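The values are calculated or read from the model by the stated rules, or taken from the named source; none is laboratory data. Quick caveat, the model's predicted, so the values are computed rather than measured. Counting neighbours? That spans all protein chains shown, and the Cβs are built from the backbone with ideal geometry, glycine included. Heads up: the accessible areas ignore ligands, DNA and RNA and are worked out on the full protein's heavy atoms, side chains in. Shrake-Rupley method; radii C 1.70, N 1.55, O 1.52, S 1.80 Å.
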Amino acid sequence: MTGIAALLTDFGTADWYVGSMKGVMLGIDPTIRIVDITHGVPAGDILGGALALLSSYRYFPAGTVFVVVVDPGVGSERRGIVAAAGGYFFVGPDNGVLSPALARAEAPRAHAIENDRYTRPEVGATFHGRDVFAPVAAHLCSDPALERFGPRVDDPVGLSWPEPTETDGGIRGEIIHVDAFGNAITSIEAGRLGRFEPGEATVGCSSRGAIPLRDYYRQVGEGEPLALVGSSGLMEISVNRGNAARILNLARGDVVEVTGTRGPR
Amino acid sequence: MTGIAALLTDFGTADWYVGSMKGVMLGIDPTIRIVDITHGVPAGDILGGALALLSSYRYFPAGTVFVVVVDPGVGSERRGIVAAAGGYFFVGPDNGVLSPALARAEAPRAHAIENDRYTRPEVGATFHGRDVFAPVAAHLCSDPALERFGPRVDDPVGLSWPEPTETDGGIRGEIIHVDAFGNAITSIEAGRLGRFEPGEATVGCSSRGAIPLRDYYRQVGEGEPLALVGSSGLMEISVNRGNAARILNLARGDVVEVTGTRGPR
Amino acid sequence: MTGIAALLTDFGTADWYVGSMKGVMLGIDPTIRIVDITHGVPAGDILGGALALLSSYRYFPAGTVFVVVVDPGVGSERRGIVAAAGGYFFVGPDNGVLSPALARAEAPRAHAIENDRYTRPEVGATFHGRDVFAPVAAHLCSDPALERFGPRVDDPVGLSWPEPTETDGGIRGEIIHVDAFGNAITSIEAGRLGRFEPGEATVGCSSRGAIPLRDYYRQVGEGEPLALVGSSGLMEISVNRGNAARILNLARGDVVEVTGTRGPR
């Protein structure tokens with residue numbers, strides 16, 4: 001264990017909710033190093049939370065405990081789970097927000113959170129981040145044994161991930177996130193782009209014309225659009241020194257299609 | 001002492017102000033663990049800051065030092081104070097922002113900040129968060145003696161807290177905060193709701209009709225409104241998987257009234 | 001070395017980018033104390049990033065490593081640099097964002113980041129914050145030797161800083177930042193104001209009339225404008241308990257001019 005807990009929620013930072021979670025964790029173990037990934041996931045956006053986790057967790061040291069609270073079903077019968085995969089630990093609601101990270105990591109296993117020895121004495125109806133997930137994560141920071149929290153879960157809830165599809169002419173995917181710079185991150189992984197002849201592929205996105213697929217921003221002029229592999233290993237549509245989403249009017253859910261000459265690979 | 005300092009301000013996070021405070025604190029004691037509660041209190045909103053503190057401080061370990069800077073009167077003659085109550089420590093302007101937390105905790109006592117040995121050598125006219133409260137808090141993290149900062153203060157400024165009132169038919173309060181999810185937190189404490197027959201009370205809020213008082217979101221359909229006890233121990237108006245403030249057009253200051261059949265309690 | 005790393009970027013906090021940088025740093029050295037200055041610099045705003053650094057760095061303890069990533073030219077041929085000045089360390093793109101801080105600190109020296117031993121094994125095209133600057137900063141936290149990162153740079157890129165000019169009647173500068181409270185920070189340093197008779201100078205800003213230069217907010221009535229020396233050591237235009245930028249319609253780039261009776265100094 002590293003004693004590092006990384007928080008990822010849809011709580012925003014205008015309220016005291018994230019602070020309360022940190023207080024609970026430090027009350028259990030004041031030596032935990034708490035890191036924020038983001039609290040800016042749109043409220044209740046499970047896919048958005050899953051993408052943020054999937055894009056960031058592997059950059060943390062092995063042993064990190066990820067506390068992921070995007071929990072529109074709090075107060076319903078949905079389970080809470082603790083999980084381990086690929087040397088990392090995960091805590092959160094069993095609603096699919098953890099599933100893409102777990103599915104892509106080695107040897108995932110999950111346990112239900114049932115043992116009230118590890119939750120706060122009073123668990124409210126609205127804030128399991130503070131009353132359940134924060135204390136469980138703090139306990140997990142010092143002892144990785146999952147089975148003490150509750151029984152094994154063999155069927156954690158999966159998330160319907162927007163997989164790209166092969167088309168006659170190329171690959172079709174969609175925009176799954178627009179970041180703060182206006183980069184439109186698509187569902188198309190870097191590995192799928194190797195089939196195209198370098199410099200010969202273009203990306204179409206509804207009526208925005210053919211956008212060239214390149215390797216670096218500098219390969220197009222300032223203010224010009226391009227597609228390239230971004231930092232999440234996914235194809236992004238960007239504008240060199242500009243805000244692509246604003247300039248090209250792109251939004252999550254927009255369909256994108258890569259077409260081009262087949263390369264030697 | 002725990003060596004934990006929790007910061008709560010109206011500085012926002014777009015500027016470097018919070019970072020400067022942390023730099024000052026770490027310069028005095030690099031081992032302090034600094035936690036942000038929130039910096040999103042609206043500018044100069046003393047009640048908003050007081051609510052955030054009141055809702056979060058008890059979740060931190062005893063010994064935590066809370067640095068609360070909502071300070072519209074900086075550069076006037078308002079005092080700065082250090083205080084202790086309920087095993088916690090507090091630093092901030094003497095303008096009422098600390099008073100609800102102090103009033104509800106055990107054995108509150110406060111001292112004025114007058115000893116310039118514990119402030120920065122040069123105290124500017126506009127940023128006592130950095131020049132006064134941060135260094136005082138850092139010193140407090142390693143030694144809890146309040147008297148060294150200045151003389152005892154027996155009359156700290158109180159805040160006019162919006163207390164609910166008993167009416168013929170029930171309890172009348174008001175919305176005191178709308179959180180990032182659109183939950184409208186009212187001034188009505190959970191303890192006041194026990195007099196109603198479970199499942200028989202409703203909440204009225206101007207022209208929005210009768211909203212049922214329930215225990216869990218799931219007790220109403222998705223997209224439907226309810227009132228319930230939220231994580232601050234106060235009654236909130238919410239919408240199951242929706243943004244109540246937007247859907248019901250709720251805002252801070254709106255009057256709410258709980259009515260219903262009197263229960264056995 | 002203090003083991004403190006202070007981050008300053010234009011990444012915002014809605015995405016996972018800052019979290020990924022912290023993960024990388026903790027993977028190299030889990031004992032680093034990471035502090036956020038701000039991630040709210042407007043996208044690509046090199047002057048804004050430089051001002052935030054210049055206004056905050058001296059409040060941190062000597063030895064702090066500042067990781068400053070405002071990097072509109074990522075993926076171009078711009079260099080990355082590590083630098084030391086005035087007892088502090090700096091890491092970032094060589095685009096001028098570090099230059100005002102370096103120019104005002106003692107004995108600045110810079111080295112290029114070329115040794116891939118200190119960067120991530122795979123450096124992507126879009127996110128040198130995570131792949132280059134974060135790991136370099138983490139290594140710098142434990143060993144201050146700059147030369148191991150690459151050759152000495154004698155000509156780091158400078159930033160065109162908006163220096164005030166002396167006019168017949170006084171001093172002319174401009175608004176270089178509007179903070180979250182609506183204070184309009186100008187390019188005019190406190191030191192330049194000493195020539196005026198106290199209480200006799202006024203500040204003109206296009207058609208907003210003569211704003212009195214004072215020392216404290218309380219010297220004007222609530223809701224009234226004033227100019228005073230702010231916490232960055234620069235003259236600010238403010239409104240006592242109000243939002244000056246909104247009330248006076250001020251924006252970055254607006255010209256301001258101080259005029260008044262010459263004092264004895």
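Of interest is the spacing of the C-alpha centroids, which for segment C:4-37 and segment B:148-191 amounts to 37 Å. Computed as a quarter of the hull surface, the mean projected area of the alpha carbon convex hull for segment B:80-196 stands at 10.1 nm². Extent along the principal axes, Cα only, for segment A:108-265: 59, 32, 26 Å, with the longest axis given first. Taken over segment C:151-206, the convex hull of the Cα atoms encloses 158 Å³ per residue. Shown for residue C:117: label points 7 Å from Cα along the beta-carbon vector, and their distances to the equivalent points in the other copies, 4.9, 4.9 nm in ascending order.
In vacuum, with every alpha carbon of segment C:201-251 counted as one equal point scatterer, what does the Debye formula give for log10 I(q)/I(0) at q = 0.23, 0.27, 0.32 Å⁻¹? Two decimals, please. Each listed q corresponds, in turn, to -0.82, -1.13, -1.43.
In sequence order, segment A:192-206 has phi-based couplings of 7, 8, x, 6, 8, 4, x, x, 10, 9, 10, 10, x, 9, 6 Hz under the Karplus curve 6.51 cos²θ - 1.76 cosθ + 1.60, θ = phi - 60°, and Gly or Pro positions carry x. Counting only DSSP beta bridges with both residues in segment C:52-182, the antiparallel share comes to about 80 percent. Surface composition of chain A: carbon plus sulfur atoms hold 47% of the accessible area, using a 1.4 angstrom probe and ignoring ligands, DNA and RNA.
For segment B:1-100, the mean projected area of the C-alpha convex hull, equal to one quarter of the hull surface, is 6.1 nm².
Computed from phi, the 3J(HN,Hα) profile of segment A:230-242 under the Karplus parametrisation 6.51, -1.76, 1.60 (θ = phi - 60°) reads x, 6, 8, x, 10, 5, 10, 9, 9, 10, 4, 6, x Hz, with x in place of Gly and Pro. Sorting B:15, A:116, C:168 by accessible area puts them as C:168, A:116, B:15; the probe is 1.4 Å, largest comes first, and only protein heavy atoms count. A Cβ-based charge dipole, computed about the Cα centre of segment B:1-157 with Lys and Arg at +1 and Asp and Glu at -1, lands at about 320 debye.
Listed by number, the DSSP H helices of chain B that run 20 Å or longer by alpha-carbon position along their axis and have mean Kyte hydropathy of at least -0.5 come to an empty list. Each DSSP beta bridge with both residues in segment A:56-112 is either parallel or antiparallel, and the antiparallel ones are about 75%.
The residues of chain A present an accessible area of 37 Å² per residue when probed at 1.4 Å with all protein chains retained. The residues of segment B:204-224 occluded by other protein chains by 50 Å² or more of accessible area, set against the chain on its own, are B:217, B:218; surface from heavy atoms, 1.4 Å probe. Taking every protein chain into account, the 1.4 Å probe leaves residue B:216 with about 80 Å² of accessible area, to the nearest ten. In square angstrom and rounded to 100, what buried accessible area do you get between chains B and A, total over both, with the probe at 1.4 Å? In total, chains B and A hide about 2500 Å² from solvent. In segment A:7-23, comparing the full protein assembly with the chain on its own, the residues that lose 10 Å² or more of accessible surface at a 1.4 Å probe are A:10, A:11, A:13, A:14, A:15, A:16, A:17, A:19, A:20, A:22, A:23. Residues A:94, B:155, sorted by accessible area with the largest first, give B:155, A:94 [1.4 Å probe; ligands and nucleic acids excluded]. Since only B:62, B:135, B:170 are under comparison, the one whose Cα sits farthest along the positive direction of the charge dipole of chain B, derived from C-beta charges on Lys, Arg, Asp and Glu, is B:62.
Eigen-decomposition of the gyration tensor built on the alpha-carbon atoms of segment A:13-169 gives equivalent ellipsoid semi-axes of 25, 17, 16 angstrom, largest listed first. Remark: C-alpha extents of the protein assembly as shown on the principal axes read 81, 81, 48 Å, sorted largest to smallest. Among C:171, A:28, the sequence by solvent-accessible area, most first, with a 1.4 Å probe is A:28, C:171. The chain C residue nearest the rotation axis shared with chain B, using its Cβ and rounding the distance to whole Å, is C:13, 4. Over the residues of chain A, the helix contribution to mean residue ellipticity at 222 nm works out to -4500 deg cm²/dmol, using -39500 (n - 2.57) for each DSSP H run of at least 4. Burial here means at least 20 square angstrom less accessible surface with every protein chain in place than with the chain by itself, probed at 1.4 Å; in segment B:225-262 the buried residues are B:231, B:241.
From the label point of residue A:155, set 7 Å along Cα to the beta carbon, how far off in nm is each other copy's matching point, shortest first? Counterpart label points of residue A:155 in the remaining copies fall at 6.9, 6.9 nm. Only protein heavy atoms count here; under a 1.4 Å probe, residue A:142 has an accessible surface of about 80 Å². Averaging the sequence gap over all C-alpha pairs within less than 8 Å and six or more residues apart, then dividing by the number of residues, gives segment B:224-265 a relative contact order of 25 percent. Over chain C, Cα pairs under 8 Å with separation of 6+ residues give a relative contact order of 16 percent. Overall shape of chain A was characterised from the C-alpha gyration tensor. The equivalent ellipsoid obtained from it has semi-axes of 39, 18, 16 Å, in decreasing order. Dividing the mean sequence gap of close Cα pairs (under 8 Å, 6+ apart) by how many residues segment A:154-237 holds gives a relative contact order of 23 percent.
Restricting attention to the protein assembly as shown, close to 75% of DSSP beta bridges with both partner residues there are antiparallel.
Values of log10 I(q)/I(0) for segment B:1-42 across q = 0.23, 0.25, 0.28 Å⁻¹ run -0.77, -0.87, -1.00, by the Debye formula with one identical scatterer at each alpha carbon and no solvent. Rg/Rh, computed from the Cα trace of segment C:56-115 with Rh as the Kirkwood radius, has the value 0.96. In nanometers and ordered shortest first, the copy-to-copy spacing of the residue B:104 label point, defined 7 Å from Cα toward Cβ, is 4.2, 4.2.
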